[in-house]
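What follows is one structure encoded as structure tokens, with my remarks underneath.
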Amino acid sequence: MTKQKVKIISGHSAEGGSTTIWINLTNLLNENGYDATFYGPHSFHFDKCKSDSIRNVRFEPDDILICHVVAM
């Protein structure tokens with residue numbers, strides 16, 4: 001069975017309260033059977049959860065997206 005992919009995308013991923021929340025949520029989702037990745041423009045989160053740069057995010061039709069402070 002393929003894990004459901006969750007992509008958490010934030011326009012702010014430097015140290016701070018919201019970044020800590022997204023790191024914790026990413027880890028919680030991965031611990032509970034999802035394939036979650038936190039994408040952001042800063043590097044603070046890189047060693048704290050499954051993460052990548054916002055420049056590397058690629059979308060797939062079945063992705064679940066959670067977006068925070070992202071300009072459209």
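The values are calculated or read from the model by the stated rules, or taken from the named source; none is laboratory data. A quick note: this is a predicted structure, and the numbers were derived from the prediction, not measured. Here the Cβ is made from the backbone with ideal geometry for all residues, glycine too, and neighbour counts use every protein chain on show. Heavy atoms of the whole protein, side chains included, go into the accessibility calculation; ligands, DNA and RNA do not. Shrake-Rupley method; radii C 1.70, N 1.55, O 1.52, S 1.80 Å.
Would the range 49-56 turn up any residue that is free of Cβ contacts under 8 Å to residues at least 40 places away in the same chain and of a type in the set (Lys, Arg)? Within the range 49-56, one or more residues are free of Cβ contacts under 8 Å to residues at least 40 places away in the same chain and of a type in the set (Lys, Arg).
Which residue pairs have Cβ atoms under 7 Å apart, sit 6 or more places apart or on different chains, and have a first residue in the range 26-45 that is without any contact (Cβ under 8 Å) to a residue 24 or more places away in the chain and a second that is open to solvent by less than 40 Å² (accessible area, probe 1.4 Å)? Within 7 Å, the pairs are Asn27/Cys49; Leu29/Val6; Leu29/Ala36; Asn30/Ala36.
Could you check the chain for strands (runs of 3 or more DSSP E) lying wholly inside it with 3 or more residues that are at pLDDT 95 or above and open to solvent by less than 60 Å² (accessible area, probe 1.4 Å)? Show your work before the answer.
Details: elements: 5-10, 35-40, 51-53, 64-68.
Correct list: 5-10, 35-40, 51-53.
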